[in-house]
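Read the structure below first, then the notes.
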Amino acid sequence: MPKLTYLPTGATLEVAAGSRYADVCRREDLPQPFGCTVGSCGTCCVVLVEGYERCDAPSAEELETLEMCTSEKHTRLGCQLVLRGDVQLRPVD
Ligand code: FES
């Protein structure tokens, strides 16, 4: 099972492959901010410090939103992120 490490709290969780990050945050009460939950507001931007390459590629729409929100590398929208392998992440500053 993939391991998710939420760096701000150090929480490390085992999650089922294919889990939606947003669902894990809600279930585990992680303090990850969300807004629209449909990929347009950018509130949920995260940096994948480890494991970016182990996630599905972002859609063109997600990339457009990310470009508006941050210039950091290896970012994803938390509301669009599906967990397929081990990742370590934190919200964008
Ligand atoms: S919550 Fe709005 S883009 Fe993810």
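With all protein chains present, how much of the accessible area of the chain (probe radius 1.4 Å) comes from carbon and sulfur, to the nearest whole percent?
Carbon-and-sulfur percentage of accessible area, whole number: 47.
Among residues other than His74 whose Cβ falls under 12 Å from its Cβ, what is the net charge (Lys/Arg +1, Asp/Glu -1)?
+1
How are the C-alpha pair distances of region 3-91 spread across 10 Å bins, as whole percents from the shortest bin up?
18, 58, 23, 0
Can you give the charge dipole size of the chain about its Cα centre, rounded to the nearest 20 debye, using +1 on the beta carbon of Lys and Arg and -1 on the beta carbon of Asp and Glu?
Charge dipole, the chain, about its Cα centre: 220 debye, nearest 20.
Per residue, how large is the accessible surface of region 3-91? Use a 1.4 angstrom probe and give square angstrom.
It amounts to 53 Å² per residue over region 3-91.
If the chain between Arg84 and Ser71 were fully stretched, how many nm would it gain, using 0.36 nm times the residue separation less the Cα-Cα distance?
Result for the pair: 2.2 nm of gain on full extension.
Name the residue farthest towards the positive end of the dipole of the chain from the options Ser71, Val46, Leu7, assuming +1 on Cβ of Lys and Arg, -1 on Cβ of Asp and Glu, about the Cα centre.
Result: Leu7, furthest along the dipole toward the positive end.
Can you tell me the orientation of helix 60-69 relative to the chain, as the angle in degrees between its alpha-carbon axis and the longest Cα principal axis, to the nearest 10?
Result, in degrees: 80.
The values are calculated or read from the model by the stated rules, or taken from the named source; none is laboratory data. Keep in mind that what you see is a predicted model, and the values were worked out from it rather than measured. Please note: Cβ atoms are built from the backbone with ideal geometry, for glycine as well, and neighbour counts cover all protein chains shown. SASA here: full protein model, heavy atoms, side chains in, ligands and nucleic acids out. Shrake-Rupley method; radii C 1.70, N 1.55, O 1.52, S 1.80 Å.
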